[in-house]
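Asker: Below is a structure I'd like to ask you about.
The values are calculated or read from the model by the stated rules, or taken from the named source; none is laboratory data. Remember, predicted model here, so these are calculated numbers, not experimental data. Note: ideal-geometry Cβ built from the backbone for every residue, glycine included; neighbour counts use all protein chains shown. Note: areas computed on protein heavy atoms with side chains; ligands, DNA, RNA excluded. Shrake-Rupley method; radii C 1.70, N 1.55, O 1.52, S 1.80 Å.
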Amino acid sequence: MNKPADTSFGNATAAVSLEVRNLRKSWGKTEVLSDVSFRIGAGGFLTLLGPSGCGKSTLLRLISGLDETSGGQILIDGRDVSKVSAADRNLGMVFQNYALFPHLTIEENIGYGLKIRKVDKTRRDKTIARVSDLMGLGPLLQRKPSQLSGGQQQRVALARVLVSERPLVLMDEPLSNLDAKLRTEIRSEIRSLNKTLGITVIYVTHDQSEALSMSDEVVLLNAGKIAQWGTPRDLYESPANTFSASFIGTPPTNLLEPADVALPENLGLDGGTALTDYLIGVRPETMCFPADGAAFTLTGRVLSLEYEGNVTLLHLEAASGAKVIVAHGGHDVPAPGAEVTVGWSHEATHFFSKKDGAAIRRKT
Ligand SMILES: Nc1ncnc2c1ncn2[C@@H]1O[C@H](COP(=O)(O)OP(=O)(O)O)[C@@H](O)[C@H]1O
Ligand SMILES: [Mg+2]
């Protein structure tokens with residue numbers, strides 16, 4: 001008999017969409033979130049990204065219902081839940097400081113929520129077996145939390161949320177306590193579980209590479225406001241402003257004074273776009289040395305070199321004294337103190353208004 005693969009856990013609800021409309025939050029007189037709006041479709045993976053203190057956890061807690069909004073709406077599958085209690089929003093949460101019950105086995109920890117909800121033992125066992133299998137926890141089920149590494153414990157916390165059969169899961173920096181290798185492993189696990197189980201995930205991180213690698217969409221926050229909302233590719237290739245350009249990418253985008261750059265005659269902008277006070281943005285990895293007939297060039301002195309294996313970072317000082325970083329892939333590395341000319345293409349060039357930092361759009 002050919003049965004379709006069972007990809008659901010028991011009576012798991014189908015995934016849901018999430019929308020946030022003009023959301024605001026103030027603590028006393030301080031507004032920490034202003035007019036935040038975005039949406040993610042059912043089964044999508046959206047990351048809230050931004051520096052520490054920008055309002056990511058506040059936003060997640062509003063979505064969860066743990067804190068009350070100061071204005072705006074939160075819609076789950078089109079239904080306004082702003083006034084609905086946390087328990088009735090049907091969502092799961094994982095935090096940075098996950099707490100496991102130390103006296104219970106891993107199996108009991110994972111199944112705790114199911115037991116509380118009086119899910120019968122046969123179904124409970126089946127669900128636990130399935131999720132622990134997916135998470136690579138099968139051989140550890142009879143151990144106690146203290147007999148597990150930090151990464152394994154974090155996996156248990158994730159498994160516990162996954163068996164809870166919630167269609168929407170919120171995660172607040174769940175990997176920040178783990179070492180780099182485990183982080184990479186678990187982030188791809190989370191990502192594949194999001195897709196295989198069809199769970200909608202809202203994920204918080206301050207780590208831009210984590211955000212780019214995991215998400216369908218990213219909401220970049222700066223001081224309680226959305227700096228940019230788009231796909232990882234949008235954020236990387238079309239930064240909406242200097243904040244986004246500087247936050248995304250390692251090393252960050254160089255923001256150059258036009259006076260430091262030898263410009264082509266045609267800047268490649270729309271006919272009507274007049275450039276007055278602007279900055280030129282260019283990513284270190286899109287710059288080449290030597291410049292070899294590139295549209296834009298910059299001449300500077302090599303201050304220092306940083307060998308990174310796949311590239312060498314050239315730290316340059318431009319004529320104005322501005323510091324510029326070039327990620328150079330070749331073996332031909334200039335000596336510190338040398339004067340070099342580096343170049344880049346029209347496509348690699350971004351223009352930003354000096355006044356408000358907003359991108360000046362190019363011809364497409
Ligand atoms: N309970 C609270 N009372 C007062 N201010 C708070 C409270 N929670 C967070 N804040 C403030 O709100 C801002 C955003 O905090 P948070 O959402 O935790 O940022 P993030 O998670 O991005 O690091 C910070 O300035 C923080 O000090
Ligand atoms: Mg936080």
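Asker: Please sort 131-138, 82-89, 241-248, 289-296 by packing, taking for each peptide the average over its residues of neighbouring beta carbons within 10 angstrom, highest first.
Answerer: Ranking the peptides 131-138, 82-89, 241-248, 289-296 by packing returns 241-248, 131-138, 289-296, 82-89.
Asker: Next up: Students sometimes get this wrong: rank 130, 143, 155 by accessible area, probe 1.4 Å, all chains present, largest first.
Answerer: Per-residue accessible area, sorted high to low, gives 143, 130, 155.
Asker: Given points 7 Å out from each Cα along the Cα-Cβ axis, report the residue 179 to residue 21 separation in nanometres with one decimal.
Answerer: The modelled label-to-label distance comes out at 4.9 nm.
Asker: Quick one: net charge of residue 207's neighbours, Cβ under 10 Å, K/R +1, D/E -1?
Answerer: Once positives and negatives cancel, what remains is 0.
Asker: Let me ask you something else. Would you work out the relative contact order for the chain, in percent, from Cα pairs under 8 angstrom that are 6 or more residues apart? Don't skip to the end; give the middle numbers.
Answerer: Numbers: 718 pairs, mean separation 60.0, N = 364.
Computed value for the chain: 16 percent relative contact order.
Asker: Under 8 Å for C-alpha pairs, at least 6 residues apart: give me the relative contact order for segment 11-137, rounded to a whole percent. Intermediate results must be reported in sequence, preceding the final value.
Answerer: Working: 132 pairs, mean separation 26.7, N = 127.
So the answer I get is 21 percent.
Asker: Give the peptides 97-108, 224-235 in descending order of average Cβ contacts within 10 Å, highest first.
Answerer: Most protected by this proxy first, the peptides run 224-235, 97-108.
Asker: Here is a follow-up. Carbon and sulfur atoms: what percent of the 1.4 Å accessible area of segment 251-360 do they account for? Don't jump to the answer; show the numbers that get you there.
Answerer: Working: 2750 of 5440 Å².
Roughly 51 percent, rounded to a whole number.
Asker: Can you tell me which lysines have their Cα less than 17 Å from the Cα of residue 83? Leave out same-chain residues fewer than eight positions away.
Answerer: Answer for residue 83, where 17 Å is the Cα cut-off: 25, listed by chain and number.
Asker: Once label points are set 7 Å from the Cα along Cα→Cβ at both residue 67 and residue 189, what is their separation, rounded to one decimal in nm?
Answerer: Placing both labels 7 Å beyond Cα along the Cβ direction yields 3.0 nm.
Asker: Give me the one-decimal nm value for the distance between modelled label points at residue 133 and residue 358, 7 Å along each residue's Cα-to-Cβ direction.
Answerer: 5.4
Asker: Could you give the dipole magnitude of segment 105-238 about its Cα centre, charging the beta-carbon of Lys and Arg +1 and that of Asp and Glu -1, in debye to the nearest 20?
Answerer: So the magnitude is around 720 debye.
Asker: Go ahead and estimate [θ] at 222 nm for the chain from helices alone: -39,500 (n - 2.57) per DSSP H run with n ≥ 4, summed, over the residue count, rounded to 500.
Answerer: After summing the helix terms and dividing by residue count, I get -7000 deg cm²/dmol.
Asker: Then there is this: Considering only DSSP beta bridges where both residues belong to segment 18-237, give the percentage that are antiparallel (nearest 5).
Answerer: 50
Asker: So, with +1 on the Cβ of K and R and -1 on the Cβ of D and E, and no other charges, what is the size of the charge dipole of segment 251-360 about its Cα centre, to the nearest 20 debye?
Answerer: My answer is approximately 180 debye.
Asker: Around residue 203, which amide H atoms from residues at least 5 apart in sequence, or from another chain, sit under 5 Å from its own amide H, with H modelled in the peptide plane?
Answerer: 46, 47, 48, 171
Asker: So for segment 251-360, averaging the separation of alpha carbon pairs under 8 Å that are six or more residues apart and normalising by length, what relative contact order in percent results?
Answerer: Relative contact order here is 33 percent.
Asker: Ok, one more. Over all directions, how big on average is the projection of the convex hull of the alpha-carbon atoms in segment 251-360, in square nanometres?
Answerer: For segment 251-360, averaging the hull's shadow over all directions gives 6.9 nm².
Asker: Compare the Cα positions of 136, 113, 98 along the charge dipole of the chain (+1 at Cβ of Lys, Arg; -1 at Cβ of Asp, Glu; about the Cα centre) and return the one farthest towards the positive end.
Answerer: 113
Asker: If you fit an axis through the alpha-carbon atoms of helix 121-134 and take the longest principal axis of the Cα set of the chain, what angle between them do you get, 0 to 90°, nearest 10?
Answerer: Rounded to the nearest ten degrees, it is 20.
Asker: How large is ³J(HN,Hα) for each residue in segment 322-332, as worked out from phi by the Karplus curve 6.51 cos²θ - 1.76 cosθ + 1.60 (θ = phi - 60°), to whole Hz, x for Gly and Pro?
Answerer: 5, 8, 10, 10, 10, 8, 9, x, x, 8, 7
Asker: Sorted from largest down, give the three principal axis spans of the alpha carbons of segment 152-244, whole angstrom values.
Answerer: In descending order, the Cα extents are 40, 29, 23 Å.
Asker: Here's a follow-up. Report the residue, chosen from 195, 181, 323, that carries the largest GNM mean-square fluctuation when the chain is represented by alpha-carbon nodes joined by springs under 10 Å.
Answerer: So, out of 195, 181, 323, the one fluctuating most is 181.
Asker: Does segment 124-198 come out rounded, prolate or oblate by the C-alpha gyration tensor, with a ≥ b ≥ c the root eigenvalues, rounded set by a/c under 1.5 and, if not, prolate when a/b is larger than b/c and oblate if not? Let's see the in-between values first.
Answerer: On the way: a/c = 1.68, a/b = 1.04, b/c = 1.61.
Oblate, since a/c reaches 1.5 and b/c is not below a/b.
Asker: Grab the beta carbon distance between residue 307 and residue 120, set R0 = 51 Å, and tell me the FRET efficiency rounded to 0.05.
Answerer: 0.25
Asker: In addition: Would you list, by chain and number, the lysines whose Cα falls below 16 Å from the Cα of residue 126, excluding same-chain residues fewer than 8 positions away?
Answerer: Those lysines meeting the cut-off are 115, 118.
Asker: Sticking with this one: Suppose R0 equals 35 Å; then what is the FRET efficiency for residue 323 and residue 146 from their Cβ-Cβ distance, rounded to the nearest 0.05?
Answerer: 0.15
Asker: Here's another thing I want to ask about it. Could you list the square roots of 5 times each eigenvalue of the Cα gyration tensor of segment 18-237, that is, the equivalent ellipsoid semi-axes, sorted largest first and rounded to whole Å?
Answerer: 30, 20, 16
Asker: Also, quick follow-up: In square angstrom, what is the accessible area per residue of the chain with a 1.4 angstrom probe? Don't skip to the end; give the middle numbers.
Answerer: Numbers: 17500 Å² over 364 residues.
For the chain, the per-residue accessible area is 48 Å².
Asker: Can you work out the FRET efficiency for the pair residue 88 and residue 331, with r the C-beta to C-beta distance and R0 = 56 Å, to the nearest 0.05? All intermediate terms of the calculation are to be shown ahead of the outcome.
Answerer: Numbers: r = 61 Å, r/R0 = 1.10.
Once rounded, the FRET efficiency stands at 0.35.
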